[in-house]
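Trainee: One structure is given below, represented as structure tokens, and several questions about it will come after.
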Protein chains: 2
Amino acid sequence: MARTPAPGTRRRILEASAKLFGEQGVRAVGMQQVIDATGVGKSLLYREFASKDELIAAWLRESDAQWWEQAEEVTAPHSGDPARQIMALMEFFQASVREPDFHGCIYYNTSSEFRDPAHPGRQEATLHLKGLRNWLRDMGAQAGAEDPDALADTLMLVIGGLLANGEVLGVDGPARMALATAELVLRQHCPNALAGAAL
Amino acid sequence: MARTPAPGTRRRILEASAKLFGEQGVRAVGMQQVIDATGVGKSLLYREFASKDELIAAWLRESDAQWWEQAEEVTAPHSGDPARQIMALMEFFQASVREPDFHGCIYYNTSSEFRDPAHPGRQEATLHLKGLRNWLRDMGAQAGAEDPDALADTLMLVIGGLLANGEVLGVDGPARMALATAELVLRQHCPNALAGAAL
DNA sequence: GTCTATAGTGCGATAGAC
DNA sequence: GTCTATCGCACTATAGAC
């Protein structure tokens with residue numbers, strides 16, 4: 001009888017949003033652009049996402065989930081060796097920054113576009129970054145760090161600097177030093193980590 | 001009997017812009033807000049700055065000049081000891097991030113709001129950050145760094161991370177580790193730097 | 001003040017699944 | 001043909017640049 005709801009609409013909207021928001025920034029992209037890019041109608045877009053803010057938040061939530069999936073893939077081979085897992089994640093960051101279509105970290109970028117802590121997009125961004133910091137702290141603790149919080153904060157320095165500078169100054173310099181610095185920091189905090197072998 | 005142009009109009013506009021742009025971000029602030037905040041008329045504003053983009057660029061240029069003045073003040077006492085000058089600048093960054101009205105680095109923030117390399121605001125931001133990196137490289141070279149470019153890139157990692165994370169995650173963690181990390185990096189690159197004394 | 005753009009609403013037309 | 005998902009467009013209201 002009735003027409004079947006097209007599957008994957010939400011996904012298509014999110015993918016188009018991810019591309020546009022990621023490349024140009026959130027405030028620079030209008031809902032009309034999202035509509036044009038998806039071919040979806042305005043009514044359907046607003047049925048899926050009640051407002052632009054909600055779309056922004058959903059995009060970041062989705063990206064967070066996907067990011068952690070990739071992080072899992074990248075660190076899994078080193079399961080049981082937390083220091084090496086941390087380094088694997090740092091390599092993953094380095095590779096991301098080197099992607100030709102790298103346009104900066106969507107979480108830092110969105111935070112800088114929305115300063116209000118109550119903004120849904122900013123909240124998702126903060127959640128992601130806090131989650132990352134927690135992961136680093138927990139891994140650091142497992143790796144025998146004497147002060148896992150300090151280690152996590154320091155690695156966040158390296159990560160934040162890599163992502164921020166990579167976008168503005170070009171990727172070569174920051175990406176060149178990020179791994180070595182992370183390793184230096186890691187060895188500093190975890191006396192027995194990364195024993196022997198080079199990276 | 002023509003009225004004399006009020007002096008300092010341009011300055012007043014720039015000061016109001018600095019406050020608004022800095023606190024809320026550039027795209028979040030309309031020209032009307034700048035007008036309301038200065039009390040200046042629309043025509044006068046547009047006589048001083050032909051467009052919003054030009055105002056953005058002028059604000060960043062002005063901020064850059066003021067920033068270097070402060071940097072000069074902060075590093076001058078250590079003239080002749082480049083490693084300590086670098087550390088003084090890092091302390092200056094740490095203090096900035098700890099200011100109660102810290103809202104992130106205006107250069108990183110503006111870069112993330114305007115991705116087009118041709119945008120005047122982005123160009124000023126890039127210029128500032130390149131200038132900073134150059135200063136670090138030159139000081140590093142004077143301090144005896146074996147690879148001053150690597151040192152500069154690494155310190156930019158710490159600075160970028162401090163500013164980016166300070167805005168999103170709160171200032172305590174990043175600020176706590178930035179100095180120690182900078183010192184670690186500096187000692188790593190300059191064998192004879194910071195000899196003896198603690199920070 | 002003017003003109004454009006944007007977020008968001010609502011409706012008639014159309015495209016498909018049965 | 002019927003029924004509904006969805007498109008496309010017209011519309012409002014607000015805000016922005018200039």
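The values are calculated or read from the model by the stated rules, or taken from the named source; none is laboratory data. Predicted model only: the values in this text are computed from it and were never measured. Note that each Cβ is placed from the backbone with ideal geometry, even for glycine, and that neighbours are counted across all protein chains shown. Surface areas here come from the heavy atoms of the whole protein model, side chains and all, with no ligands, DNA or RNA. Shrake-Rupley method; radii C 1.70, N 1.55, O 1.52, S 1.80 Å.
Trainee: Would you please classify the overall shape of the stretch B:3-120 from the alpha carbon gyration tensor, given that a ≥ b ≥ c denote the square roots of the eigenvalues, rounded means a/c under 1.5, and beyond that prolate means a/b larger than b/c while oblate covers the rest? Before the final figure, lay out each step's value.
Mentor: Values: a/c = 2.32, a/b = 1.78, b/c = 1.31.
In terms of gyration-tensor shape, prolate.
Trainee: Another question about this same structure. Averaging sequence separations of C-alpha pairs under 8 Å and six or more residues apart, then dividing by the length of the stretch A:147-193, give the relative contact order as a whole percent.
Mentor: Reported relative contact order: 42 percent.
Trainee: Suppose a student asked you for the relative contact order of the stretch A:28-143, using Cα pairs under 8 Å spaced at least 6 residues apart; what percent would you report?
Mentor: With pairs under 8 Å counted, the relative contact order is 28 percent.
Trainee: Then there's this: How large is the Rg to Rh ratio of the stretch A:1-49 when both quantities use alpha carbon positions and Rh follows Kirkwood?
Mentor: A ratio of 1.03.
Trainee: How are the Cα pair distances of chain A distributed, in percent, across 5 Å bins from 0?
Mentor: 1, 7, 14, 17, 17, 14, 11, 8, 5, 3, 2, 1, 0, 0
Trainee: In addition: If you count only protein heavy atoms with a 1.4 Å probe, what accessible area per residue comes out for the stretch B:1-49, rounded to a whole Å²?
Mentor: On a per-residue basis, the stretch B:1-49 sits at 62 Å².
Trainee: Enumerate the calculated ³J(HN,Hα) couplings along the stretch A:118-128 in order (Karplus 6.51 cos²θ - 1.76 cosθ + 1.60, θ = phi - 60°), each rounded to whole Hz, writing x wherever the residue is Gly or Pro.
Mentor: Values per residue, Gly and Pro as x: 7, 5, x, x, 5, 4, 5, 4, 4, 4, 4 Hz.
Trainee: Given an 8 Å cut-off on Cα distances and at least 6 residues of separation, report the relative contact order of chain A as a percent. Each step should come with its number before you reach the end.
Mentor: Numbers: 192 pairs, mean separation 40.3, N = 199.
That works out to 20 percent.
Trainee: Roughly how big is the A-B contact, given as buried accessible area in Å² (both sides, 1.4 Å probe, nearest 100)?
Mentor: Between A and B, the summed buried area is about 3400 Å².
Trainee: I would also like to ask the following. What does the charge add up to near A:ILE13, with Lys and Arg as +1, Asp and Glu as -1, over the other residues with Cβ less than 13 Å from its Cβ? Before the final figure, lay out each step's value.
Mentor: Numbers: positive: A:ARG10, A:ARG11, A:ARG12, A:LYS19, A:LYS42, A:ARG47, A:LYS52; negative: A:GLU15, A:ASP36, A:GLU48, A:GLU54, A:GLU62.
Surrounding charge for A:ILE13 is +2.
Trainee: Next up: Taking only Cα atoms, what is the 0 to 90° angle, nearest 10, from helix B:148-169's long axis to the longest principal axis of chain B?
Mentor: It is inclined by approximately 60 degrees.
Trainee: For chain A, what does the helix formula give at 222 nm: sum of -39500 (n - 2.57) over DSSP H segments with n ≥ 4, over the residue count, nearest 500 deg cm²/dmol?
Mentor: Taking each H run of at least 4 residues, the total per residue is -24000 deg cm²/dmol.
Trainee: While we're here: Could you pull the copy-to-copy label distances for B:HIS78, with points set 7 Å along Cα to Cβ, in nm to one decimal and sorted shortest first?
Mentor: Ordered by increasing distance: 3.2 nm.
Trainee: For peptide A:146-157, how many partner chain Cβ atoms fall within 10 Å of a residue's Cβ, on average?
Mentor: Going residue by residue through A:146-157 and averaging, the value is 5.
Trainee: For the protein assembly as shown, compute the number of Lys pairs whose alpha carbons are separated by less than 23 Å, excluding pairs fewer than 8 positions apart on the same chain.
Mentor: 6
Trainee: Just check the protein assembly as shown against the gyration tensor rule for me: Cα atoms, a ≥ b ≥ c as the square roots of the eigenvalues, rounded for a/c under 1.5, and otherwise prolate or oblate depending on whether a/b exceeds b/c.
Mentor: Taking the square roots of the gyration eigenvalues as a ≥ b ≥ c, the protein assembly as shown is oblate.
Trainee: Still on this structure: Work out from phi, with θ = phi - 60° and the Karplus expression 6.51 cos²θ - 1.76 cosθ + 1.60, the ³J(HN,Hα) of each residue of the stretch B:100-117, listed in order in whole Hz, and give x for Gly and Pro.
Mentor: x, 9, 6, 10, x, 7, 5, 7, 4, 4, 5, 4, 6, 7, 10, 7, 5, x
Trainee: Percent of accessible area on the stretch A:46-150 owned by carbon and sulfur, 1.4 Å probe?
Mentor: Percent of accessible area from carbon and sulfur atoms in the stretch A:46-150: 47.
Trainee: Provide an ascending nm list, one decimal, of label-point separations from A:GLU146 to the equivalent residue in each further copy; define each label point as 7 Å from Cα along Cα→Cβ.
Mentor: Listed shortest first, these distances are 2.6 nm.
Trainee: Quantify how strongly other chains surround peptide A:165-177 by giving the mean number of their Cβ atoms within 10 Å of each of its Cβ atoms.
Mentor: 6
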